[in-house]
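Here is the structure we will look at, set down as structure tokens.
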Amino acid sequence: MSGKHQPILLFLFICFVLLPGVAQAKTGDEDTLRKWAEIDGFRSAQFGMNERDVLKAIYQDFKIYRKDVSRFEHPTEKTVSLGIDVENLLPNSGPAKVFYILGHKSRQLIHVNVIWGRPATPKPDAEGVVGIANQLRNHFAQKSYQKEGLALNAQLSEDIILVFQGLDKKGRAVKLVLVNPKSDPKKVGENISLTLSYIEKPGRPDVFRIKDDDF
């Protein structure tokens with residue numbers, strides 16, 4: 001297991017559950033004219049792929065060989081993550097980390113996280129990260145989604161903004177979260193991060209769970 005990805009285990013998995021009760025994006029008649037979103041994975045990596053096929057997809061998309069892909073198992077959820085470092089997923093967007101998460105039982109792709117800012121780079125460009133968030137929000141907002149769970153620029157706390165959240169017809173989710181800790185006014189922006197998540201079954205992830213009869 002590659003040590004460089006271990007400190008962000010917790011951060012990787014906080015995006016499994018869609019957040020209810022957030023401010024919903026407005027929908028109108030124009031929404032019926034938009035094409036429905038189809039959330040089936042990230043680039044060539046499709047939900048349901050096994051590890052070998054995900055590795056092939058990584059090479060197809062980024063020309064990254066298997067030996068350069070980190071692999072680790074989450075200590076409690078028992079999922080397997082394949083991690084890579086990439087540059088400029090969007091023009092001049094800088095470094096990002098991509099994590100492909102395979103389910104506990106299925107060992108198939110169930111979730112993808114793409115991260116900009118910390119920890120993808122030790123000195124993130126806060127303005128650049130916010131710019132990426134705006135670009136992606138505008139891109140996703142061009143499609144139609146289920147009304148339930150649809151959110152746009154929802155302030156979840158002083159430090160966290162749910163920039164976008166939407167579900168396609170099959171209930172698969174795309175979620176964009178901006179985190180900018182403000183505990184120290186002198187360091188605002190130094191630890192900013194943006195996480196884009198594609199989730200096959202939000203609220204019902206294939207992770208290890210304690211059985212009712214075990215305790």
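Bear in mind these aren't lab numbers, they're just calculated from the coordinates by the rules spelled out. The structure displayed is predicted, hence computed values, not measured ones. Using ideal geometry, Cβ is built from the backbone for each residue, glycine included, and neighbour counts are taken over all protein chains shown.
When Tyr198, Tyr100 are ordered from fewest to most other Cβ atoms inside 10 Å of their Cβ, what list results?
Tyr198, Tyr100
If neighbour count is taken as other Cβ atoms inside 10 Å, put Ile161, Ile64 in order from fewest to most.
Ile64, Ile161
Which residue, chosen from Ala96, Gln46, Ser183, occupies the Cα position most advanced towards the positive end of the dipole of the chain, where the dipole is computed from +1 (Lys, Arg) and -1 (Asp, Glu) charges on Cβ about the Cα centre?
My answer, from the dipole projection, is Gln46.
With equal scatterers on the alpha carbons only and no solvent term, can you work out the Debye log10 of I(q)/I(0) for the chain at 0.07, 0.10, 0.13, 0.18 1/Å?
Debye intensities relative to I(0), on a log10 scale: -0.21, -0.44, -0.76, -1.41.
Which net charge results for the neighbourhood of Asn113, defined as the other residues with beta-carbon distances under 12 angstrom from its beta-carbon, given Lys and Arg at +1 and Asp and Glu at -1?
Net local charge, Asn113 excluded: +2.
Quickly rank 45-54, 169-178 as a protection proxy: mean count of other C-beta atoms within 10 Å, highest first.
Highest mean packing first, the order is 169-178, 45-54.
What does the extension gain come out to for Arg71 and Lys147, with contour length at 0.36 nm per residue minus their alpha carbon separation?
Once the chain is fully extended between Arg71 and Lys147, it gains 23.7 nm.
Calculate, in nm to one decimal, what Glu87 and Ser157 gain on full extension: separation in residues at 0.36 nm each, minus their alpha carbon distance.
22.2 nm
Relative contact order for the chain: what is it in percent, counting Cα pairs under 8 Å that are at least 6 residues apart?
23 percent
Can you give the FRET efficiency to the nearest 0.05 for Lys211 and Gln135, using r as the Cβ-Cβ distance and R₀ = 30 Å?
0.10
Let me have the 222 nm mean residue ellipticity of the chain computed from DSSP H runs of 4+ only, each contributing -39500 (n - 2.57), with the sum over all residues rounded to the nearest 500.
Result for the chain, helices only: -4500 deg cm²/dmol.
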